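Reading through the structure tokens given below for one structure.
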Number of protein chains: 2
Amino acid sequence: MGSRDISSISIVQVAERAGVSVATASRVISKTNYPVSEPTRQRVLAAAAELNYSPNSLARSMKTQRSNLVAVLVGDNSDPYFAEITRGVEDVANEAGYLTIVCNTDRKPAKELHYVQTLQDLRADGIIFAGGGLQEPDYPEQLQLKVNEVLRRGGAVITLSAHTLQVPSIQADSFGGARQMTMRLLELGHRRIAFIAGPSNLLVANVRLQGYMAALAEAGIPISPGLILQGNFSESDTERAVRGLANLAPEHRPTAIFAANDETAIGALLGLRKMGWKVPEDISVCGFGDLPLAQRVVPTLTTVHMDLRYLGRAGMTRLIAILNGEDTVEPLVIWPTSIVERDSTSAIRVLS
Amino acid sequence: MGSRDISSISIVQVAERAGVSVATASRVISKTNYPVSEPTRQRVLAAAAELNYSPNSLARSMKTQRSNLVAVLVGDNSDPYFAEITRGVEDVANEAGYLTIVCNTDRKPAKELHYVQTLQDLRADGIIFAGGGLQEPDYPEQLQLKVNEVLRRGGAVITLSAHTLQVPSIQADSFGGARQMTMRLLELGHRRIAFIAGPSNLLVANVRLQGYMAALAEAGIPISPGLILQGNFSESDTERAVRGLANLAPEHRPTAIFAANDETAIGALLGLRKMGWKVPEDISVCGFGDLPLAQRVVPTLTTVHMDLRYLGRAGMTRLIAILNGEDTVEPLVIWPTSIVERDSTSAIRVLS
DNA sequence: GTGAAAGCGCTAACAC
DNA sequence: GTGTTAGCGCTTTCAC
């Protein structure tokens, strides 16, 4: 209001107004536990308040070598899977005084690499790779190199999914979850179980596929390549893949579909509906992830449960521990997953 | 690899290695169009590459008074409404060299205020209020004061929803959309149209309610308070609200429900299903927002369309224009909304 | 308990 | 076309 000069207020003006040195002003503003007499402290605080003083974080960061900035790298923040993780990360970050930068990589190596560089330039304190590692030629090495630079600088890096990076990680048990779900379908009497895979260059997608194959192998059931469909973790292309099933001779058609993630499973649900197939009467469907969405589709989706928001929280909590030099746990933490059976699966009907 | 000293590399070492002054080094690194001889430029670039030089953005920002950081304030980043907007913002931000900070306010004044202060301290270049303004005692004034500080500093601030803040804004036409949707229901023969409102302290929610009431008034239909149900923009409590409808005498029951947003409408769909009511046969339901989700619920949801991702894009584009002093458009830009009719609404059945 | 002064790493006058 | 230097605003030894 009354202030007529454009120049912004620094700690110098605060010190002046309080009649102390900048050193003293800094000591009360930065709330270190350095001893400052109570009257002096009050005068500084008062001066700061009167001037609407806003301590410049950038300047502070330059001195302290801590930016209080963390970043979460996601495939797409509007994908509910990543949105949930991000929410968990941001909650903990905020409580601890960190700001959260969100970076959409679209699972493109170039974008991911560029973000890591930008974050390094910014001296971000930590980077969380929420998505799985990309398996593309030379890429894991390139990324590791850049990440090593971040590490060398004192930045913390973790992953929240199966990844090529050699950094601490917290993960849900993708292999075990996929294996268990497949076993459950077998228990329900299914023998021809189709699997809609995720992007082939995504490590975590492949791990889930491995879990599916392991369960079949254990049950002595041959893996039929025709039942492994290509998906891309998004709903869009899934319908087409499912449609292909109609071309199979009835005796070769799967009685169950296991999709590598919930989005894909929901795409399958939609595709099947359009084909006039009833779920679970004509065919069972299940997913992986247990998005909030899984409970509100029709029929509600049987899926492998993982608490994504909590995964985000745990990740950020661990990142902070690393930054504080308090990280004692083992590098790789794997959380058990569990199966949630809802209405989209049922025991196989006896035919004929 | 071979580097054995911990000290990080600054532009000084790059200059040394290239055999030039820091000024020259800076001129090529910061890619200004300042003339530098080609051989010199190459030597600097080479030195930077060999040293794995990462220019310190914080230091740069201190000089240039530009942080290249923007923030989007959302109610909850895992709410698809905000997730879509955030995606649009981040896309444009990334293309323009900005990093995007996401802040979950949970529509709590204290959190919102705290974020704004933190962002001011960080010297964020811009702040985007994605959610609607909160109408709570004294709050609009307090927020405006803090925002004014950001503005004075040279930061840009915009809103993407009906808001109390006096800053540039891009908005979908909530009033018009709600009015139009209500008119459409009237056209379909509905006379008892219930409205499930949003949080009462949220400006944009109230604007939608106004639109609904305006349409009824224009049609000469008295507004019956019993048909205005309290919601909170989330799916959770909505079921309960809907359940109350069963208690009404059949001749007082609404034949259509208009929910103030899609999440609420979907909650209504779920509640009605549990009550055994068929949509749209027994009752029509429609929402507001046209989330991606609206197309995959059953029945697919009739709703007021607004392109949220594009709203985010437009918002960030405008923010950049403001920062560059190129914003010429009027303060308040209102986009028309349109109605998308899907399977959840139908003409009223002739009773008896 | 307080103050003076040296940088953190960069850019932008201002010389040459 | 290149170099010297003065800060941006803060924290932190080091004196007193």
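The values are calculated or read from the model by the stated rules, or taken from the named source; none is laboratory data. If you're wondering where the values come from, they're calculated on a predicted model, not measured in any experiment. Virtual Cβ from ideal backbone geometry, glycine too; neighbours counted across all protein chains shown.
Is it the case, given these coordinates, that residue B:223 is buried (at least 22 other Cβ atoms within 10 Å of the Cβ), aliphatic (A, V, I, L, M) and out of contact with any Cys (no Cβ under 6 Å at 6 or more places or on another chain)? When the stated conditions are applied, residue B:223 does not pass them.
Has segment A:1-12 got any residue that is more than 8 Å from DNA strand C (Cβ to nearest atom), more than 14 Å from chain B (Cβ to nearest Cβ) and at pLDDT 95 or above? There is at least one residue in segment A:1-12 that is more than 8 Å from DNA strand C (Cβ to nearest atom), more than 14 Å from chain B (Cβ to nearest Cβ) and at pLDDT 95 or above.
With respect to being crowded, with 20+ Cβ neighbours inside 10 Å, in contact with a Ser or Thr (Cβ under 9 Å, 6 or more places away or on another chain) and closer than 22 Å to residue B:87 by Cα, residue A:126 falls outside the description. Only one of these conditions is not met by residue A:63: (1) within 16 Å of DNA strand D (Cβ to nearest atom); (2) surrounded by 17 or more Cβ atoms within 10 Å (Cβ to Cβ). Which number is it? Checking residue A:63 against (1) within 16 Å of DNA strand D (Cβ to nearest atom); (2) surrounded by 17 or more Cβ atoms within 10 Å (Cβ to Cβ), the one that fails is (2).
Can you confirm whether residue A:43 is under 30 Å from residue A:292 (Cβ atoms), among the basic types (Lys, Arg) and in contact with a helix residue (DSSP H, G or I) (Cβ under 8 Å, 6 or more places away or on another chain)? Considered against the rule, which asks whether it is under 30 Å from residue A:292 (Cβ atoms), among the basic types (Lys, Arg) and in contact with a helix residue (DSSP H, G or I) (Cβ under 8 Å, 6 or more places away or on another chain), residue A:43 comes out as no. If you go through segment B:42-51 and keep only what is more than 10 Å from DNA strand D (Cβ to nearest atom), part of a helix (DSSP H, G or I) and of a type in the set (A, V, I, L, M), you end up with B:45, B:46, B:47, B:48, B:49. Summed over segment B:252-310, residues that are over 23 Å from the mean Cα position of the chain (by Cα) and of a type in the set (Lys, Arg) total 4.
For the residues A:39, A:35, the requirement of being in a helix (DSSP H, G or I), exposed (fewer than 15 other Cβ atoms within 10 Å of the Cβ) and near DNA strand C (Cβ under 10 Å from one of its atoms) singles out A:39. Scanning segment A:184-196 for residues that are out of contact with any Asp or Glu (no Cβ under 8 Å at 6 or more places or on another chain) and touching a residue at least 24 places away in the same chain (Cβ under 8 Å) gives A:185, A:186, A:188, A:189, A:190, A:191, A:192, A:193, A:194, A:195, A:196.
What are the residues in segment B:310-327 that are exposed (fewer than 11 other Cβ atoms within 10 Å of the Cβ) and either more than 23 Å from residue B:130 (Cβ to Cβ) or out of contact with any helix residue (DSSP H, G or I) (no Cβ under 9 Å at 6 or more places or on another chain) (or both), if any? Residues satisfying the conditions are B:324, B:325. Could you check segment B:14-32 and list, in sequence order, the residues that are within 8 Å of DNA strand C (Cβ to nearest atom) and either touching a residue at least 12 places away in the same chain (Cβ under 8 Å) or under 44 Å from the mean Cα position of the chain (by Cα) (or both)? B:14, B:22, B:23, B:25, B:26, B:27, B:29, B:30, B:32, listed by residue number. Go through segment A:303-328 residue by residue and tally those that are closer than 28 Å to residue A:80 by Cβ and not in a strand (DSSP E or B). Qualifying residue count for the region: 17.
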